[in-house]
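Here's the structure we're looking at; comments come further down.
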Amino acid sequence: MTWNEIDWPALDRLRAGFLQGAAADGPYWQSPADLASYDFTYGERIGWKWDAVLAELRLRGWHPPAGATILDWGCGSGIASRRVLAAYGAQNFSRLLLWDHSPLACAFAAATAARRFPALPVSVTTPQPECHLMSDTFLEQENISRAEPIGLLIVSHVLNELPPAALAELRALCARASAILWVEPGTHAVSRHLGVLREELRAHFHLVAPCTHQHACPILAPENARDWCHHFAPPPSEIFANPDWVKFGQRAGIDLRSLPYCFLALDRRIPAAPAENLSRIIGRPEHFKPYARFLNCDATGLAELTLPKRADPVLYKQLDRTKSPLIYRWRREGDEVLGGELLSPPPGETSESHPAD
Ligand SMILES: C[S@@+](CC[C@H](N)C(=O)[O-])C[C@H]1O[C@@H](n2cnc3c(N)ncnc32)[C@H](O)[C@@H]1O
């Protein structure tokens with residue numbers, strides 16, 4: 001796919017459908033060209049969010065269970081599972097299973113992943129036995145039996161499209177997963193919905209990220225109803241000088257600089273030495289001349305903290321400029337930050353970004 005091959009009217013139609021909530025009417029992919037155009041644009045932006053999540057997981061020292069099966073549920077063009085496979089190496093997984101209620105999406109995602117990772121077995125799955133895919137998909141179809149464990153469940157940008165029955169199906173899959181990576185748009189409603197699912201799942205999983213603690217999510221406390229857990233991924237800087245990305249941004253009505261997301265990374269394995277005393281900044285810090293102010297989440301809850309510029313001018317600047325996930329160890333007095341260190345990778349991990357898809 002190149003910019004010259006983009007089906008712009010298809011992207012316009014998809015965009016209108018996303019905005020109007022037309023997804024509730026059933027599968028909306030109309031052709032492989034829809035999926036290819038989406039994958040190159042909207043999907044690529046989602047890929048940048050996954051890159052940020054995967055970079056954070058590297059910082060947290062997290063790796064998927066060895067030899068895991070990956071299930072990408074609601075896969076669309078399959079960008080999410082391809083990002084994960086590229087980050088951790090396809091050789092470290094036993095197979096990729098794909099599911100979407102659109103057979104066109106399943107076929108596109110399977111063909112694209114099989115081309116990209118030729119040694120990896122790729123199948124389209126039918127999570128519900130009664131659910132049958134169209135017969136012209138050339139890849140093997142496979143039922144994952146209701147008892148079979150799932151190594152790594154991947155979910156990306158589906159939550160606001162799911163009717164209750166589909167969400168129940170997804171919950172049942174969570175119950176069978178060893179680990180879950182779930183990335184969604186960083187809107188108030190979707191993030192808080194994901195937060196509710198976090199509360200259900202935390203009895204059974206270790207919260208790897210974005211949380212720096214295992215307690216109830218403080219954002220869901222009634223007094224924090226206006227807040228939501230979200231973060232901003234850094235898009236590649238070269239897109240701002242690329243006329244095709246600029247055209248895409250204008251046509252789609254998207255501010256290319258802003259890439260808000262929320263996510264959950266969960267694992268049934270409990271780390272031997274979980275990192276302690278970490279804080280996470282929610283959203284973006286605001287900078288004023290004498291100080292920076294931000295919402296901070298840690299084991300003691302949610303608090304608005306300030307960093308006076310004079311206390312640590314380098315940190316004040318770093319809070320504005322860093323592209324790293326905003327996870328810190330603070331030195332504080334009450335709600336005033338005196339200094340702090342950005343989380344650095346554990347021994348043996350590098351901080352370099354993951355290979356792009
Ligand atoms: C916005 S797209 C995201 C696709 C992909 N996960 C990504 O991150 O790019 C939402 C996807 O969810 C799928 N979907 C919506 N409702 C579904 C359901 N009930 N069961 C399975 N897939 C569903 C849609 O067909 C679509 O491919």
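As an exercise: evaluate residue 184 against (1) closer than 27 Å to residue 298 by Cα; (2) assigned to a helix (DSSP H, G or I) and give the number of the one condition it does not meet.
Just one mismatch for residue 184, condition (2).
Return only the number of the condition from (1) surrounded by 14 or more Cβ atoms within 10 Å (Cβ to Cβ); (2) outside the structural domain of residue 187 (by TED's automatic domain parsing) that residue 273 does not satisfy.
(1)
Among 316, 291, 328, 261, which is the only one that is in the same structural domain as residue 228 (by TED's automatic domain parsing) and at pLDDT 95 or above?
Selected residue: 261, the only one of 316, 291, 328, 261 that is in the same structural domain as residue 228 (by TED's automatic domain parsing) and at pLDDT 95 or above.
Can you tell me which residues in the stretch 257-274 are within 22 Å of residue 318 (Cα to Cα) and not in a strand (DSSP E or B)?
257, 258, 259
Could you please let me know if residue 81 is among the polar types (S, T, N, Q), surrounded by 20 or more Cβ atoms within 10 Å (Cβ to Cβ) and out of contact with any strand residue (DSSP E or B) (no Cβ under 6 Å at 6 or more places or on another chain)?
When the stated conditions are applied, residue 81 does not pass them.
Six or more apart or on different chains, Cβ under 6 Å: which pairs go from a residue in the stretch 32-51 that's more than 9 Å from the ligand (Cβ to nearest atom) to one that's among the aromatic types (Phe, Trp, Tyr)? Could you list them?
These pairs meet every condition: 32/108; 41/248.
Quick test for you: out of 7, 12, 72, 25, pick the one residue that is surrounded by 23 or more Cβ atoms within 10 Å (Cβ to Cβ) and either more than 12 Å from the ligand (Cβ to nearest atom) or not polar (S, T, N, Q) (or both).
Residue meeting the stated conditions: 72.
When you scan the stretch 254-274, do you find a residue that is more than 30 Å from residue 42 (Cα to Cα), touching a residue at least 40 places away in the same chain (Cβ under 8 Å) and among the aliphatic types (A, V, I, L, M), even just one?
For the stretch 254-274, residues more than 30 Å from residue 42 (Cα to Cα), touching a residue at least 40 places away in the same chain (Cβ under 8 Å) and among the aliphatic types (A, V, I, L, M): present.
Residues in the stretch 94-114 that are part of a helix (DSSP H, G or I) and acidic (Asp, Glu): how many?
0
Regarding residue 155, is this residue assigned to a helix (DSSP H, G or I), within 16 Å of the ligand (Cβ to nearest atom), within 22 Å of the chain's Cα centre (by Cα) and at pLDDT 95 or above?
In short, no.
Across the stretch 292-329, which residue is surrounded by the most Cβ atoms within 10 Å (Cβ to Cβ) among those that are under 26 Å from residue 225 (Cβ atoms), hydroxyl-bearing (Ser, Thr, Tyr) and in contact with a helix residue (DSSP H, G or I) (Cβ under 9 Å, 6 or more places away or on another chain)?
328
Is there a residue being surrounded by 18 or more Cβ atoms within 10 Å (Cβ to Cβ) and of a type outside the set (A, V, I, L, M, F, W, C) anywhere in the stretch 236-248?
For the stretch 236-248, residues surrounded by 18 or more Cβ atoms within 10 Å (Cβ to Cβ) and of a type outside the set (A, V, I, L, M, F, W, C): absent.
Tell me whether the stretch 25-43 contains one or more residues that are closer than 15 Å to residue 152 by Cβ and assigned to a helix (DSSP H, G or I).
Scanning the stretch 25-43, I find no residue that is closer than 15 Å to residue 152 by Cβ and assigned to a helix (DSSP H, G or I), so the answer is no.
When you look at residue 57, is it under 14 Å from the mean Cα position of the chain (by Cα), assigned to a helix (DSSP H, G or I) and more than 10 Å from the ligand (Cβ to nearest atom), yes or no?
It is true that residue 57 is under 14 Å from the mean Cα position of the chain (by Cα), assigned to a helix (DSSP H, G or I) and more than 10 Å from the ligand (Cβ to nearest atom).
Restricting attention to the stretch 183-220, report how many residues are hydrophobic (A, V, I, L, M, F, W, C), touching a Lys or Arg at 6+ places or on another chain (Cβ under 9 Å) and under 24 Å from residue 45 (Cα atoms).
Final tally of qualifying residues: 4.
The values are calculated or read from the model by the stated rules, or taken from the named source; none is laboratory data. Bear in mind the structure is a predicted one, so any value in this text is a computation, not a measurement. In this analysis, Cβ positions are derived from the backbone assuming ideal geometry, glycine residues included, and neighbour counts consider all displayed protein chains.
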